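The values are calculated or read from the model by the stated rules, or taken from the named source; none is laboratory data. Predicted model only: the values in this text are computed from it and were never measured. So basically every Cβ, Gly included, is an ideal-geometry build from the backbone, and we count neighbours across all protein chains shown.
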């Protein structure tokens, strides 16, 4: 689409569409002068157009539209009312404004369209009342529209939906691939108060296994149920932290494993659940309220190693919907 200024002279070699013809004055066999500023569509050539398919007067400050709708009942109503469609050579959608609706008309040869003001739609439809089938269809459409609006409202206001959306954004930014042994989620409220949850990823098995040719290290916290841990990882764990070791058994195989829990002083709440994302998208969210997640102005996700060293940090900003990785 191009814009042509008033009094501009153009050459049209072949086709001059009817909407363009209404806005120009013919000067000679192939030369025309525009009587107003106009939007135009066509195939250009030297000095003008090979085909000038359509034109529409420019109304300053008014936005163009993209409102094409296949609507058989409306088309019939416009025919009943005697409204004339416009012919657009080449099948392009007519240039129209944001307060207008374009209805294709297939009852005549060539590409014809009705252009109707939104404010006049009811007037034309009143001339063609709905039959029983049409009323049933209208009621079904109204029901589906109401359901879609209700669901859109729920998605925008329900804390669980908001929390799930936050989780999807963080997941898409790499929240599941931060690495490390522990994940910490910090919820920063509008008043800058914080609530944090920390989970073990349970990626490192601390137990010594017979098939491993490694030294056994005595666990100094027998109340954990673990007597020895693998020398492969023992050097990474401060003996003072052995009380944080958690022992688990596989109910099917009977195999045992052990992992290190997060430091209970590093977060408001420490949970055994390894799926940190569950506080966003799972109904079984370890008791963390979705309202709490949804009210946060920022969600910060951090990963730590076995020595409680911070490895990575992602920050989700509710205002910008952006997730940024912070340089450490």
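For segment 20-29, which residues satisfy the criterion of being surrounded by fewer than 15 Cβ atoms within 10 Å (Cβ to Cβ) and either part of a loop (DSSP other than H, G, I, E, B) or in contact with a helix residue (DSSP H, G or I) (Cβ under 6 Å, 6 or more places away or on another chain) (or both)?
22, 27, 28, 29, listed by residue number.
Would you confirm whether or not segment 175-182 contains a residue that is in a helix (DSSP H, G or I), touching a residue at least 40 places away in the same chain (Cβ under 8 Å) and over 14 Å from residue 293 (Cβ atoms)?
Yes, because at least one residue in segment 175-182 is in a helix (DSSP H, G or I), touching a residue at least 40 places away in the same chain (Cβ under 8 Å) and over 14 Å from residue 293 (Cβ atoms).
For segment 30-42: of the residues being surrounded by 14 or more Cβ atoms within 10 Å (Cβ to Cβ) and part of a loop (DSSP other than H, G, I, E, B), which is nearest to the chain's Cα centre (by Cα)?
The residue in question is 37.
When residue 225 is evaluated against the numbered criteria (1) exposed (fewer than 14 other Cβ atoms within 10 Å of the Cβ); (2) more than 20 Å from residue 305 (Cβ to Cβ), which criterion, by number, is the only one it fails?
Only one criterion is unmet by residue 225, namely (1).
Return the only residue of 134, 122, 90, 82 being in a loop (DSSP other than H, G, I, E, B) and either touching a residue at least 24 places away in the same chain (Cβ under 8 Å) or over 30 Å from residue 319 (Cα atoms) (or both).
82
Before we move on, is residue 186 part of a strand (DSSP E or B), closer than 30 Å to residue 244 by Cβ and under 27 Å from the mean Cα position of the chain (by Cα)?
So residue 186 passes the test.
Is it fair to say residue 77 is surrounded by 14 or more Cβ atoms within 10 Å (Cβ to Cβ) and within 25 Å of residue 127 (Cα to Cα)? Walk me through how you get there before you give the answer.
Details: surrounded by 14 or more Cβ atoms within 10 Å (Cβ to Cβ): yes; within 25 Å of residue 127 (Cα to Cα): yes.
Considered against the rule, which asks whether it is surrounded by 14 or more Cβ atoms within 10 Å (Cβ to Cβ) and within 25 Å of residue 127 (Cα to Cα), residue 77 comes out as yes.
Listed residues 317, 263; which is closer than 19 Å to residue 164 by Cβ, assigned by TED's automatic domain parsing to the domain that holds residue 190 and at pLDDT 80 or above?
Exactly one residue qualifies, and that residue is 317.
Could you please find all residues in segment 189-213 being surrounded by 14 or more Cβ atoms within 10 Å (Cβ to Cβ) and not in a strand (DSSP E or B)?
Once the filter is applied, which keeps residues that are surrounded by 14 or more Cβ atoms within 10 Å (Cβ to Cβ) and not in a strand (DSSP E or B), segment 189-213 yields 201, 202, 204, 205, 206, 207, 208.
Go through 220, 247, 236 for me and flag whichever is on the phi < 0 side of the Ramachandran plot, surrounded by 12 or more Cβ atoms within 10 Å (Cβ to Cβ), in the same structural domain as residue 316 (by TED's automatic domain parsing) and not in a loop (DSSP other than H, G, I, E, B).
Going through 220, 247, 236 in turn, the sole match is 247.
May I ask you to list the residues in segment 43-63 that are surrounded by 15 or more Cβ atoms within 10 Å (Cβ to Cβ) and either free of Cβ contacts under 8 Å to residues at least 24 places away in the same chain or in a loop (DSSP other than H, G, I, E, B) (or both)?
58
Just to verify a result, which residue in segment 282-314, among those that are closer than 19 Å to residue 192 by Cα and out of contact with any strand residue (DSSP E or B) (no Cβ under 7 Å at 6 or more places or on another chain), is modelled with the highest pLDDT?
295
Where residues in segment 269-281 are surrounded by 14 or more Cβ atoms within 10 Å (Cβ to Cβ) and modelled with pLDDT of 70 or more, which of them is farthest from residue 196 (Cα to Cα)?
My answer is 271.
Would you confirm, using the coordinates I've provided, whether residue 113 is assigned by TED's automatic domain parsing to the domain that holds residue 78, surrounded by 15 or more Cβ atoms within 10 Å (Cβ to Cβ) and closer than 23 Å to residue 68 by Cα?
Judged against the criteria, residue 113 is a match.
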